[in-house]
Structure formats: structure tokens, C-alpha cells
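Chemist: First the structure, then my questions, so here it is.
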Amino acid sequence: MTEYVGKILLGKTVVGISTHGVASGMSAIEGVVMEIVITFALVYTVYDSAADPKKGSLGIIAPIAIGFIVGASILAAGPFSGGSMNPARSFGPAVVSGDFSQNWIYWLGRLVGGGLAGLVYGGIFIGSYVAAPVSEDYA
């Protein structure tokens, strides 16, 4: 919640922050698909490198992998859908400008992409995780 308030205040104090929207010539559905894809990539990378209970801590690799996927997603989606990567980044300027016309694209893309990544990774990798039985040596 604090993040959303901060983005609203930032939108009021900094001149030139515009609302996110899809590029001209691109439909809203294409923008949603782009946001779903980049969110799926981000959440899947987080699960794979930082949150998988089978792998434990991967140390320094997790932040590097997450940073690379965020950078690549912004570079890939930026020209088409703005590459928001965060609903708060789209919400704050929309509140300040009063233009919510394309804000739903970023909320829907995040929810669907993150949910799909969770279902895919949880169902395929974590779902097949079987804890090793405790040895009698440690009882």
C-alpha cells in the first residue's frame, strides 16, 4: 500500500511522468499478452533461482538472474507495452492524470502471468518434490 501512495506522490511532484499505454498500432489484447509473457518470465525466474525448496539458496546467482530477466523484459516490452513490470508504476501516474483507460492491461497481465508461472512451476517442479525420509541416525 505504501508503494502505491509513494507512486501517487511521485506522480504529483515530478513533471513528465506519463501514464503507461500500449504503442500505437498495438491492440490492448496484444499489450496484455506482452505483460503476461514478461511477468511469467520474471516470476518463473524467481521461483527457479530463489524460491525452489529443492535447490535451497543459490547464493549470488538468484539476484543476478532476476536482474537480467527484469532488464531483458523491459528492453523487450518497453517499446510495445511500456514494460511496466509493476502495477504501482502504472497506477500512480494514472491516479494523478485521472487516465485509467489502459491501466487494466497492467493489472490483468500481472495477475495472469504470475498465476500461470506459479501453476506451471508449482505443478511441474515443486509438485513432484518428495521430502527425503529422516534417517534413524538423527532420531
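Chemist: Which ranges mark the helices (runs of 4 or more DSSP H) fully within the stretch 1-81 that have 2 or more residues being modelled with pLDDT under 70?
Modeler: Result: 2-13.
Chemist: For the stretch 89-110, which residues satisfy the criterion of being surrounded by fewer than 17 Cβ atoms within 10 Å (Cβ to Cβ) and more than 13 Å from MET34 (Cα to Cα)?
Modeler: If the condition is that a residue be surrounded by fewer than 17 Cβ atoms within 10 Å (Cβ to Cβ) and more than 13 Å from MET34 (Cα to Cα), then SER97, GLY98, ASP99, PHE100, SER101, TRP104 are the ones that fit.
Chemist: Sticking with this one: On the given criteria, is SER128 more than 20 Å from the chain's Cα centre (by Cα) and at pLDDT 90 or above?
Modeler: Against the criterion (more than 20 Å from the chain's Cα centre (by Cα) and at pLDDT 90 or above), SER128 does not qualify.
The values are calculated or read from the model by the stated rules, or taken from the named source; none is laboratory data. Predicted model, so just to flag it, every value in this text is computed and none were measured. Neighbour counts are summed over all protein chains in view; Cβ atoms, including those assigned to glycine, are modelled from backbone coordinates with ideal geometry.
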